[in-house]
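Engineer: Just passing along the structure, written as C-alpha cells.
The values are calculated or read from the model by the stated rules, or taken from the named source; none is laboratory data. From a predicted model like this one, the values you see are computed outputs, not experimental measurements. Cβ coordinates were reconstructed from backbone atoms using ideal geometry, including for glycine residues, and neighbour counts include every protein chain displayed. For accessibility, only protein heavy atoms count, side chains too; no ligands or nucleic acids. Shrake-Rupley method; radii C 1.70, N 1.55, O 1.52, S 1.80 Å.
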Amino acid sequence: MSLYISSPALLSSYRLNPLLFSRQRHRFTSHFSPLKPRFFAVAASEKDVLPKTFDFSSEERIYNWWESQGYFKPNFERGSDPFVIPMPPPNVTGSLHMGHAMFVTLEDIMVRYHRMKGRPTLWLPGTDHAGIATQLVVERMLASEGIKRVELSRDEFTKRVWEWKDKYGGTITNQIKRLGASCDWTRERFTLDEQLSRAVIEAFVRLHEKGLIYQGSYMVNWSPSLQTAVSDLEVEYSEEAGTLYYIKYRVAGGSRDDFLTVATTRPETLFGDVAIAVNPKVKTNLFSLTDDRYSKYIGMMAIVPMTYGRHVPIISDRYVDKEFGTGVLKISPGHDHNDYLLARKLGLPILNVMNKDGTLNEVAGLFCGLDRFEARKKLWSDLEETGLGVKKEPHTLRVPRSQRGGEVIEPLVSKQWFVTMEPLAEKALRAVEKGELTILPERFEKIYNHWLSNIKDWCISRQLWWGHRIPVWYIVGKDCEEEYIVAKSADEALEKAQKKYGRDVEIYQDPDVLDTWFSSALWPFSTLGWPDVSADDLKKFYPTTMLETGHDILFFWVARMVMMGIEFTGTVPFSYVYLHGLIRDAQGRKMSKTLGNVIDPLDTIKEFGTDALRFTLALGTAGQDLNLSTERLTSNKAFTNKLWNAGKFILQNLPSQTDASSWETILAYKFDNEEFVLAAPLPECWVVSKLHLLIDTVTTSYDKFFFGDVGRETYDFFWSDFADWYIEAKELWQALPKRKEALIISSWPQTSLPRHLNLIKRFENLQALTRAIRNARAEYSVEPVKRISASIVANEEVLQYISKEKEVLALLSRLDLQNVHFTESPPGDANASVHLVASEGLEAYLPLADMVDLSAEVQRLSKRLSKMQSEYDGLVARLNSPNFVEKAPEDIVRGVREKAAEAEEKINLTKNRLDFLKSTVLVT
C-alpha cells in the first residue's frame, strides 16, 4: 500500500528469515552469535548509519532512480496478459489537489500489485488541453499585458497558448510524479498531440457519415464572458439570496380587474414571453376540480408588460406548479430549460431577447443594449411606476455559475453541433447487462443505467479558439446550414468543394472547436494509436483493463468512453470501472476556498511524506467520500516510521556480509516448506503462519479491489503482531543485503503457503497471558524495570508448550526468569497473590508483595478513600437539598447525580482493593 516503505516489501521480506529476531534461536541453529547492532546502507557498507526516523525527502531520489531504470514500462518477460490503466488526464492548467492524490494512489496500488504478480503493466499518463480553462488562463495573462484576445488573430492567439503550454504545461505532470505515480512516462500523451488530433477528426467524420452528427439551434448553457456554450459538468449550482418579483399581466379585452399576477426571479426575460400558463386542475383530498382562480381566462390573451401591447395566449398545462408564487407561469422558452422543453412539446415559438454578451437585443425595445442585470433593475423600476409591479420579496435561488469564470450562466438557444446519443447509449447499456463491463461499487450501475436510458443529444461545439477545430467547411456565398463539407483536412475539403461547385469555389472552416470531452471520450484507444488498427500498442494493450476515476464523472466521461469505444473499435474500452468518492475535511465538509479548508497535497507531503498521505487515502471505501484529518495523517506517518524502525531492527541484527557461513544458513531456510515451519520455535512458527494467512487474505482483497481492507489488514498484522509482539521493541529495501531486485519490480509472495492454526492458537494463549500480566503491572503501578515472580497454572498439555516459552514470557512480561514456576494447581501463597485468568484453562498468580510495598499502598489507598468519601458526601448533600433539586437546571442536577453514582462505584472498588491488601498484610 505504501510507496517507498511498502507493505508488499513487508510481505516479501519474510524470506530473509524471521528466526534472526528470536531470543530462542540457539535451539534452532548454532551458527548465530549474540545480537550485535549492525547497519547497512544502500551501498551495503557497515560504516553507514541509517537515520533515526524515515527521511521522506529521499522519496524523490528513489522515484527518479526507479524511472531511470525503466521499471515503469511494461515487461513481457514474466507474463503475456497485460494490465492496463489509462490515467484520467488532468487539465494542463491544473495544479495538484486531493482528487489527483486519490486517483494516483488507487491506480498506483493496482498497477504495482499486478506488476508484482508478473503481469506486463501499462499505466498510460497524459494531460487534457482543457479548452475553456486554458483559454481563460491565457486571456487573463494577455489582459495583464493590456491585450484583448479579439485584438489578435486566431493564429496569433493559439501561438501564445502553445507558448504558455510549453512553459507551464508540465507543472501538473511533475506534481503527479511527486505523488509517486509509476506511469510509463515515455508514452505520455496530450489531447492536442498530432496522433490524438487525427483520431478526433476521424471520429467526427465517421459519426457524421453515419448521420449521428448534426447541426441545429437548441437550448444550451451559455457563458457570456467566455462567449461559448459550456457542458453541464462545467456549471455549478449554488444557493444564493435573490428576489421574487410579482408582475401584473392584464387580460386583453377584460376590465381593470381582469389580470393574472406572475411571480418570476428573472423579470428581464419577459420580453421573450410566448405564453402564460396555469395548471388546469386543483387537487383536493378526494378528487380534482378545475382551478376556479384562472379557468375563465384559459383560451384568452394576456398583454406582456412594457412591450407596447404584445399579446400572448393564456394556456393550461399540468407542468405548472400551483404551489410556486401565484400558480401562474410565464413561458420564456428562449431563456429557460424547462420552458424550452414545454414550448417544443406545445409547438410554441422560441423568442430570444439576449445577445451573446449578456446584453438585451432589439426585441427588448427601449431596454436594448442594457446588461441583463442592469435591465432587471430598470425594468422593475418602470413596472412599479406604471402600477404593474405588484411587490417583490426575498427568495433563495439556485444559481447556475460557470465553473471556470464564476459568472452566472445564461440558458440560451444557439446554433451548435450535436451528436445523436440514443443509438450509442443502447450499446453501452447492453455492455453492462451482458457483463462485458463491471462497475465498482455495483450501486453505481443504477446511476449509469438511468443516465443512459434518459440520455439527451450531446452539444459538442464550443465557441473557442483553443482546441480541436471542427472539421467542417462552408461555401462562400451559400447558406451555411444547408451547404457544408465534412473532411479530414482543408485540402480534402477544397477538393470535394471543387468537384461539386467548380474550380473557383471558395471555402472557409467552421470557427468553433469541439468540446474537450469529445477528445477525452476517445482517450483509451486514441492514446494507443487508433485509428491505425495496426499500431503495435493498440494490438498489445487494447482493450484496457481498468478505468479508475471519481464517481462524479461517471456519465460525462466514463459513459462516453464506453459509447465511443464500442462505436469505433467494436469493443468495450475497459473491463472494469472503479469509482472513488470525494475527499472532505475532518468535519465532512466539501473542500472549498470559501470555507478555507482546502488541503494542499504538496504541503501534506512536506509535513507527513507521500507514504503517509497515500496510505491514508487508500484506507477509504470504494465510492464513498473520505474525511481527511491531521490526526489520520499523523497516525499513518507514525506507521511508516514504524516500518522504518522495523527494517532498521532487521539490519542491526543481520550477520556481517563477510560471514558467509551465517548467510548460507539463513538462506537455507525455506518457509514455503511445511517441515521448516514446524521445526521453528513457537514465536517463529506463529509469525510465519500469521504472515502466510495475511498474504492469502490481502491477495483476495486486492483481487476484489478492497484496497481499504488491504491497508487495515496489513496495518493490523505489522503493528499488532509483527512489531508489538514479534520484535517488541525503507529506502530500507535497497539497504537489505541479498536482495535480488528493486522493491517496485519484486515478485508478489506466493499464496497457500504453510500455516498451522493450532500453533497460532498456542501463541495466542501466550499473548493473552502476557497481556494479563502487563495489565496487572499497570494497575498496580509496578515500575517498568522491576522484575516480578509468577506462578503459571494450567493443565499438562498447555504447560508443556507454555513452559518452553519461559524466556519469551519473561522478556515480554518483565518477569524474574528464576522465579517463574509452572504448575497444575494454585501456589501456596495464592491468597497473597493477584489472580489472573488469561484464557480458558490458563491462569497466573502474581505475589502481591513483589508488586507493591503493601503497608505503603494501604496508607495511600486509605488517604485516597477518605478524600473520595468527602467528595461523595458533598454530592449527596447537594442532591438531598430541595433547594438545589427544585431550582437548579435539569441538566445540572442530572450531572451531579451521574457524578455521585460514579464516585460511589469508585469508592466500592477502592474499599475492595483495600480489604484485599489488608488481608494480605495480615497473611504475610
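Engineer: What number of residues within the range 454-491 are part of a loop (DSSP other than H, G, I, E, B), open to solvent by less than 10 Å² (accessible area, probe 1.4 Å) and closer than 17 Å to GLU506 by Cα? Reasoning before the result, please.
Structural biologist: At the first step, the residues of the range 454-491 found to be part of a loop (DSSP other than H, G, I, E, B) are 454-457, 460, 463-468, 470-471, 476-483, 487-489.
Then keep just the ones that are open to solvent by less than 10 Å² (accessible area, probe 1.4 Å); that gives 460, 464, 466, 470-471, 487.
Keeping just the survivors that are closer than 17 Å to GLU506 by Cα gives 471, 487.
Final tally of qualifying residues: 2.
Engineer: Condition first: in contact with a Ser or Thr (Cβ under 6 Å, 6 or more places away or on another chain) and modelled with pLDDT under 95. Now tell me which residues in the range 262-279 satisfy that. If you could, list the steps in order and put the result at the bottom.
Structural biologist: We begin by selecting, within the range 262-279, every residue in contact with a Ser or Thr (Cβ under 6 Å, 6 or more places away or on another chain); these are 263, 269, 272-273, 278.
Scanning the range 262-279 gives ALA263, VAL278.
Engineer: Would you point out which residue out of LYS786, LYS761, LYS804 is open to solvent by 20 Å² or more (accessible area, probe 1.4 Å) and under 41 Å from the mean Cα position of the chain (by Cα)? Show your work before the answer.
Structural biologist: Numbers: LYS786 fails: under 41 Å from the mean Cα position of the chain (by Cα); LYS804 fails: under 41 Å from the mean Cα position of the chain (by Cα).
Being open to solvent by 20 Å² or more (accessible area, probe 1.4 Å) and under 41 Å from the mean Cα position of the chain (by Cα) holds for just one of LYS786, LYS761, LYS804, which is LYS761.
Engineer: Does ILE439 count as open to solvent by less than 30 Å² (accessible area, probe 1.4 Å), closer than 17 Å to VAL205 by Cα and outside any helix (DSSP H, G or I)? Full working, then the answer.
Structural biologist: Details: open to solvent by less than 30 Å² (accessible area, probe 1.4 Å): yes; closer than 17 Å to VAL205 by Cα: no; outside any helix (DSSP H, G or I): yes.
Here the answer is no, as ILE439 does not meet what is asked.
Every residue, every condition in (1) open to solvent by 20 Å² or more (accessible area, probe 1.4 Å); (2) out of contact with any Leu (no Cβ under 7 Å at 6 or more places or on another chain), yes or no:
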site: ALA497; (1), (2): no, yes
site: GLY502; (1), (2): yes, yes
site: VAL505; (1), (2): yes, yes
site: THR549; (1), (2): no, no
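Engineer: Which ones in the range 618-639 are within 21 Å of the chain's Cα centre (by Cα) and either closer than 15 Å to THR714 by Cβ or among the small types (Gly, Ala, Ser) (or both)?
Structural biologist: First pass over the range 618-639, keeping only residues within 21 Å of the chain's Cα centre (by Cα): 618-637.
Those that are within 21 Å of the chain's Cα centre (by Cα) and either closer than 15 Å to THR714 by Cβ or among the small types (Gly, Ala, Ser) (or both): ALA618, LEU619, GLY620, ALA622, GLY623, SER629, SER635, ASN636.
Engineer: Cβ contacts < 7 Å: first residue over 12 Å from ALA790 (Cβ atoms) and among the basic types (Lys, Arg), restricted to the range 819-836; second residue open to solvent by less than 90 Å² (accessible area, probe 1.4 Å) and outside any strand (DSSP E or B), any location; separation 6+ or different chain. Result?
Structural biologist: As it stands, the answer is none, since no pair meets every condition given.
Engineer: Based on this model, can you work out whether TYR448 counts as aromatic (Phe, Trp, Tyr) and open to solvent by 10 Å² or more (accessible area, probe 1.4 Å)? Lay out the reasoning, then the answer.
Structural biologist: Values: aromatic (Phe, Trp, Tyr): yes; open to solvent by 10 Å² or more (accessible area, probe 1.4 Å): no.
Taking the combined requirement at face value, the residue does not satisfy it.
Engineer: Quick check on my filter: what residues within the range 415-458 are among the polar types (S, T, N, Q), modelled with pLDDT under 95 and touching a helix residue (DSSP H, G or I) at 6+ places or on another chain (Cβ under 8 Å)?
Structural biologist: The first filter runs over the range 415-458 and keeps only residues among the polar types (S, T, N, Q), leaving 416, 420, 438, 449, 453-454.
Restricting the remaining residues to those that are modelled with pLDDT under 95 gives 416, 454.
Residues satisfying the conditions do not exist here.
Engineer: Let me ask another. Tell me yes or no: at least one residue of the range 645-658 is open to solvent by 60 Å² or more (accessible area, probe 1.4 Å), at pLDDT 85 or above and assigned to a loop (DSSP other than H, G, I, E, B).
Structural biologist: Checked against the condition, which is being open to solvent by 60 Å² or more (accessible area, probe 1.4 Å), at pLDDT 85 or above and assigned to a loop (DSSP other than H, G, I, E, B), the range 645-658 yields at least one hit.
Engineer: Which one of these does GLY711 not meet: (1) in contact with a helix residue (DSSP H, G or I) (Cβ under 6 Å, 6 or more places away or on another chain); (2) at pLDDT below 90; (3) closer than 22 Å to MET116 by Cα?
Structural biologist: Answer for GLY711: the failing condition is (2).
Engineer: For the subset of the range 230-251 comprising residues that are within 29 Å of the chain's Cα centre (by Cα) and among the hydrophobic types (A, V, I, L, M, F, W, C), which member is farthest from ASP371 (Cα to Cα)? Reasoning before the result, please.
Structural biologist: Let us first name the residues in the range 230-251 that are within 29 Å of the chain's Cα centre (by Cα), namely 230-240.
Applying the additional criterion that residues be among the hydrophobic types (A, V, I, L, M, F, W, C) yields 230, 233, 235.
On the way: VAL230: 20, LEU233: 26, VAL235: 21 Å.
So the residue we want is LEU233.
Engineer: If you don't mind, another one. When the residues of the range 239-260 are filtered to those that are open to solvent by 30 Å² or more (accessible area, probe 1.4 Å) and hydroxyl-bearing (Ser, Thr, Tyr), which remaining residue is farthest from VAL399 (Cα to Cα)?
Structural biologist: Our first condition is that a residue be open to solvent by 30 Å² or more (accessible area, probe 1.4 Å); within the range 239-260, this holds for 239-241, 243, 248, 250, 253-259.
Imposing the further condition that a residue be hydroxyl-bearing (Ser, Thr, Tyr) reduces the set to 243, 255.
Values: THR243: 12, SER255: 38 Å.
Filtering first and then ranking leaves SER255.
Engineer: Further, regarding this structure: Please find, within the range 818-870, the residue that is nearest to GLU796 (Cα to Cα) out of those that are within 54 Å of the chain's Cα centre (by Cα) and among the small types (Gly, Ala, Ser).
Structural biologist: GLY841
Engineer: Looking at the structure I just gave you, is LEU329 open to solvent by less than 50 Å² (accessible area, probe 1.4 Å), under 18 Å from LYS248 (Cβ atoms) and under 43 Å from the mean Cα position of the chain (by Cα)? Don't jump to the end; show me each part of the working.
Structural biologist: On the way: open to solvent by less than 50 Å² (accessible area, probe 1.4 Å): yes; under 18 Å from LYS248 (Cβ atoms): yes; under 43 Å from the mean Cα position of the chain (by Cα): yes.
Criteria met by LEU329.
Engineer: State all residues of the range 605-625 that are open to solvent by 10 Å² or more (accessible area, probe 1.4 Å) and either more than 25 Å from LEU440 (Cβ to Cβ) or in contact with a Gly (Cβ under 6 Å, 6 or more places away or on another chain) (or both); if no residue qualifies, say none.
Structural biologist: Taking the range 605-625 first, the residues open to solvent by 10 Å² or more (accessible area, probe 1.4 Å) are 606-608, 619-622, 624-625.
Matches in the range 605-625: LYS606, GLU607, PHE608, LEU619, GLY620, THR621, GLN624, ASP625.
Engineer: If we keep just the residues of the range 206-227 that are within 30 Å of VAL304 (Cα to Cα) and hydroxyl-bearing (Ser, Thr, Tyr), which is surrounded by the most Cβ atoms within 10 Å (Cβ to Cβ)? First the steps, then the outcome.
Structural biologist: As a first pass, look at the range 206-227 and keep what is within 30 Å of VAL304 (Cα to Cα): 216-225, 227.
Next, from what is left, pick out any that are hydroxyl-bearing (Ser, Thr, Tyr): 217-218, 223, 225.
On the way: SER217: 12, TYR218: 17, SER223: 28, SER225: 15.
Of everything passing the filter in the range 206-227, SER223 is surrounded by the most Cβ atoms within 10 Å (Cβ to Cβ).
Engineer: A follow-up question, please. Could we say that SER534 is open to solvent by 20 Å² or more (accessible area, probe 1.4 Å) and over 21 Å from the mean Cα position of the chain (by Cα) here? I'd like the intermediate steps shown before the answer.
Structural biologist: Numbers: open to solvent by 20 Å² or more (accessible area, probe 1.4 Å): yes; over 21 Å from the mean Cα position of the chain (by Cα): yes.
Against the criterion (open to solvent by 20 Å² or more (accessible area, probe 1.4 Å) and over 21 Å from the mean Cα position of the chain (by Cα)), SER534 qualifies.
Engineer: Another question, if that's okay. I'd like the full set of residues that are assigned to a helix (DSSP H, G or I), among the acidic types (Asp, Glu) and over 17 Å from LEU514 (Cα atoms), limited to the range 156-207.
Structural biologist: Filtering the range 156-207 down to residues assigned to a helix (DSSP H, G or I) leaves 156-168, 171-178, 185-187, 194-207.
Subset that is among the acidic types (Asp, Glu): 156, 163, 166, 194, 202.
Of everything in the range 156-207, those that are assigned to a helix (DSSP H, G or I), among the acidic types (Asp, Glu) and over 17 Å from LEU514 (Cα atoms) turn out to be GLU156, GLU163, ASP166.
Engineer: Further question: In contact with a Lys or Arg (Cβ under 7 Å, 6 or more places away or on another chain), of a type in the set (D, E, K, R) and assigned to a helix (DSSP H, G or I) - does that describe any residue in the range 108-129? Full working, then the answer.
Structural biologist: Going through the range 108-129, the residues in contact with a Lys or Arg (Cβ under 7 Å, 6 or more places away or on another chain) turn out to be 118, 121, 124, 126.
Right, trim to of a type in the set (D, E, K, R) and you get none.
Within the range 108-129, not a single residue is in contact with a Lys or Arg (Cβ under 7 Å, 6 or more places away or on another chain), of a type in the set (D, E, K, R) and assigned to a helix (DSSP H, G or I).
Engineer: Output the residues belonging to the range 140-160 that are within 20 Å of SER461 (Cα to Cα) and surrounded by 12 or more Cβ atoms within 10 Å (Cβ to Cβ).
Structural biologist: ARG149, ARG154, PHE157, THR158
Engineer: Which of the residues spanning the range 292-339 are farther than 25 Å from THR386 by Cβ, touching a strand residue (DSSP E or B) at 6+ places or on another chain (Cβ under 6 Å) and part of a loop (DSSP other than H, G, I, E, B)?
Structural biologist: ILE298, ASP317, VAL320
Engineer: Out of (1) exposed (fewer than 13 other Cβ atoms within 10 Å of the Cβ); (2) touching an Asp or Glu at 6+ places or on another chain (Cβ under 7 Å), the odd one out for PRO847 is which?
Structural biologist: It fails just one condition, (1).
Engineer: Return only the number of the condition from (1) surrounded by 18 or more Cβ atoms within 10 Å (Cβ to Cβ); (2) under 18 Å from SER752 (Cα atoms); (3) of a type in the set (Val, Ile, Thr) that ILE666 does not satisfy.
Structural biologist: (2)
Engineer: Which pairs do you get when a residue that is on the phi > 0 side of the Ramachandran plot, found in the range 222-248, comes within reach of a residue that is open to solvent by 20 Å² or more (accessible area, probe 1.4 Å), reach meaning Cβ atoms under 9 angstrom, with the pair 6+ apart or on two chains?
Structural biologist: Correct list of pairs: GLN227/LYS356; GLN227/ASP357; GLN227/GLN463.
Engineer: Looking at THR186, THR191, can you tell me which residue is in contact with a Phe, Trp or Tyr (Cβ under 9 Å, 6 or more places away or on another chain), at pLDDT 95 or above and open to solvent by 40 Å² or more (accessible area, probe 1.4 Å)? Please lay out each step first, then the result.
Structural biologist: Values: THR191 fails: open to solvent by 40 Å² or more (accessible area, probe 1.4 Å).
Matching residue, one of THR186, THR191: THR186.
Engineer: What's the number of the condition GLU567 fails, among (1) under 21 Å from PHE190 (Cα atoms); (2) under 31 Å from the mean Cα position of the chain (by Cα); (3) open to solvent by 30 Å² or more (accessible area, probe 1.4 Å)?
Structural biologist: (1)
Engineer: Just the residues that are under 17 Å from the mean Cα position of the chain (by Cα) and either modelled with pLDDT of 90 or more or not polar (S, T, N, Q) (or both), please, taken from the range 87-101. Steps first, answer last, please.
Structural biologist: Restricting attention to the range 87-101, the residues satisfying the condition of being under 17 Å from the mean Cα position of the chain (by Cα) are 87-90, 95-101.
Passing the criteria: MET87, PRO88, PRO89, PRO90, LEU96, HIS97, MET98, GLY99, HIS100, ALA101.
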